[in-house]
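To start, the structure under review is shown below, and the notes come after it.
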Amino acid sequence: MASGSVAEASPLAGRRILLGITGSIAAYKAAVLCRLLKTAGAEVRVVMTPLAKQFITPLTMATLSKNPILVEFFNPENGAWNSHVSLGEWADCYLIAPATANTLAKMATGIADNLLLTTYLSARCPVVVAPAMDLDMYAHAATQQNLRTLAERGVRIVEPAEGELASGLTGKGRMAEPDAITAFVGELLTEKKKTLCGKRLIVTAGATIESIDPVRFISNHSSGKMGYAIAGELAARGAAVTLVSGRTALATPPGVERVDVLSADEMYDAAVRAFDEADGAVMCAAVADYTPAEVSATKIKKGDGELFIRLRRTRDIAAELGARKGGRLLVGFALETHDEEAHAESKLERKKFDFIVLNSLRDAGAGFRGDTNKVTFIDRAGHEELPLLSKREVAARIADRIERFFRQ
Ligand code: PMT
């Protein structure tokens with residue numbers, strides 16, 4: 001099995017941002033904004049209104065964006081057509097910052113008298129505006145109505161901040177700071193579609209703890225990271241998620257209901273109970289297969305000879321859910337050290353998984369504790385081997401498969 005390295009990608013890495021600049025004193029901040037977007041890995045093209053050139057030079061923006069600046073419908077030197085349609089198609093996000101009261105009003109009423117505005121009317125990507133103006137202009141009923149109209153049509157607004165304005169007055173109207181705008185666009189582009197709305201899913205995660213006496217226990221190296229990433233991803237896609245969790249140091253992902261357990265028996269009871277109401281389950285926990293047959297009520301004292309602890313089998317949670325599942329979803333994991341695929345295929349059948357996620361401790365960066373995993377999906381149609389990825393990305397790939405299961 002192969003190994004490699006992986007970096008957690010910035011949400012803006014490789015994304016195409018069309019930056020629109022209008023004629024405001026805040027245009028100077030567009031230079032910093034452009035730089036931040038580029039540093040985050042985005043490709044940036046800039047379109048300016050004719051007036052914006054009075055506030056910041058096209059040369060500055062061309063140098064920072066590493067692309068020619070677009071202002072006119074035609075290039076006056078060679079007559080080439082600057083196509084607003086293809087600009088709108090090119091962009092993953094059209095960010096207009098700063099956006100003046102004048103441009104917002106034209107956007108709201110469909111006026112198309114410059115390239116920035118015609119591009120807005122043709123854009124199919126998300127559009128973000130960062131208003132910048134004097135406090136009275138911002139507070140004016142006309143501007144507020146225009147912003148409401150744009151918001152109703154899906155335009156996202158980065159609220160201006162309060163503070164000192166170019167007019168010398170103090171109030172709300174200052175364009176939001178470039179780092180806040182960059183974060184806003186990053187979040188917008190990573191927003192998940194709520195494709196799992198209405199689904200109730202269980203995720204088991206982390207290690208179980210099997211007590212020997214009040215002091216010692218048998219456990220394993222699971223940190224819970226893989227299972228928590230899956231729970232977070234499913235919740236972000238709109239599922240109601242119950243996370244049945246062994247002991248971990250991790251924070252509960254947003255929107256997830258967490259049930260804490262210690263032993264395999266406790267995890268069995270919690271998972272089986274939650275499964276009654278569920279549309280499916282993802283079994284990511286590293287569950288003890290054996291537990292001490294008797295738990296000493298007091299600390300076992302050391303003696304001279306060897307100590308034997310008799311173990312009994314725990315109940316198999318996944319196999320029990322498999323027996324009850326009917327048409328519901330069941331996803332398993334297989335953590336192997338040898339004969340990986342044969343063992344995983346056997347678990348797929350025995351536990352009635354719809355698909356199983358195989359990870360092998362022979363692969364560098366896979367399995368316990370780290371932030372990466374290298375997995376192979378196995379189902380009855382075949383195998384899909386993935387490269388080394390962050391656990392977040394593996395969770396997203398698992399969620400993609402779960403979406404496909406529910407679409408069938
Ligand atoms: O938590 P991390 O540090 O991020 O590590 C992630 C992980 C390595 C724990 C995870 O990727 C993983 O492989 N989890 C499954 C570990 C495991 O116990 O695999 P297994 O091959 O022994 O079990 C097969 C399947 O049956 C698993 O879905 C397991 O959850 C389930 N099982 C096993 C025993 C049992 N009594 N009940 C179960 O439900």
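The values are calculated or read from the model by the stated rules, or taken from the named source; none is laboratory data. Remember, it's a predicted structure, so these values are computed and weren't measured experimentally. No Cβ is skipped: glycine too gets one built from the backbone with ideal geometry, and neighbour counts run over all protein chains shown. Heads up: the accessible areas ignore ligands, DNA and RNA and are worked out on the full protein's heavy atoms, side chains in. Shrake-Rupley method; radii C 1.70, N 1.55, O 1.52, S 1.80 Å.
One line per residue, one yes/no per condition, for (1) touching a helix residue (DSSP H, G or I) at 6+ places or on another chain (Cβ under 7 Å); (2) of a type outside the set (S, T, Y); (3) closer than 28 Å to T149 by Cβ:
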residue: I21; (1), (2), (3): yes, yes, yes
residue: K29; (1), (2), (3): yes, yes, yes
residue: L59; (1), (2), (3): no, yes, no
residue: C93; (1), (2), (3): yes, yes, yes
residue: T100; (1), (2), (3): no, no, yes
residue: K106; (1), (2), (3): yes, yes, yes
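Considering only residues that are part of a loop (DSSP other than H, G, I, E, B) and open to solvent by less than 10 Å² (accessible area, probe 1.4 Å), look in segment 353-366 and name the one that is nearest to the ligand (Cβ to nearest atom). Step by step, filter segment 353-366, then rank; the result is F353.
Candidates in segment 299-321 are the residues that are part of a loop (DSSP other than H, G, I, E, B) and within 16 Å of the ligand (Cβ to nearest atom); of these, the one that is surrounded by the fewest Cβ atoms within 10 Å (Cβ to Cβ) is R315. Name the residues in segment 257-282 that are in a strand (DSSP E or B), open to solvent by 20 Å² or more (accessible area, probe 1.4 Å) and of a type outside the set (D, E, K, R), would you? Correct list: V259 only. So which pairs qualify, if the first residue must be in segment 340-352 and open to solvent by less than 60 Å² (accessible area, probe 1.4 Å), the second must be modelled with pLDDT of 95 or more and among the acidic types (D, E), the Cβ gap must be under 8 Å, and the two must be at least 6 apart or on different chains? Once the first residue is open to solvent by less than 60 Å² (accessible area, probe 1.4 Å) and sits in segment 340-352, its partners that are modelled with pLDDT of 95 or more and among the acidic types (D, E) give A344/E336; L348/D379; K351/D316. Do we have G224 as of a type outside the set (D, E) and within 13 Å of the ligand (Cβ to nearest atom) here? So G224 fits the description; yes. None of D276, D269, D265, D316 is in the same structural domain as E403 (by TED's automatic domain parsing), over 16 Å from K199 (Cα atoms) and without any contact (Cβ under 8 Å) to a residue 12 or more places away in the chain except D269. Listed here are the helices (runs of 4 or more DSSP H) enclosed by segment 69-122 that have at least 1 residues being modelled with pLDDT under 80 and among the polar types (S, T, N, Q): 84-90. Would you please name the residue that is nearest to L37 (Cα to Cα), looking only at residues in segment 187-206 that are surrounded by fewer than 23 Cβ atoms within 10 Å (Cβ to Cβ) and either modelled with pLDDT of 95 or more or touching a His at 6+ places or on another chain (Cβ under 6 Å) (or both)? This residue is C197.
Report, by residue number, each residue of segment 324-338 that is open to solvent by 60 Å² or more (accessible area, probe 1.4 Å) and within 12 Å of the ligand (Cβ to nearest atom). Within segment 324-338, L335, T337 meet the criteria. Quick check on segment 376-392. Is at least one of its residues near the ligand (Cβ under 10 Å from one of its atoms), open to solvent by less than 20 Å² (accessible area, probe 1.4 Å) and more than 22 Å from Y268 (Cβ to Cβ)? Checked segment 376-392: at least one residue is near the ligand (Cβ under 10 Å from one of its atoms), open to solvent by less than 20 Å² (accessible area, probe 1.4 Å) and more than 22 Å from Y268 (Cβ to Cβ). Consider G154 carefully, then state whether it is assigned by TED's automatic domain parsing to the domain that holds T22, closer than 24 Å to I111 by Cβ, buried (at least 16 other Cβ atoms within 10 Å of the Cβ) and modelled with pLDDT under 95. No; evaluated as a whole, the condition is false for this residue.
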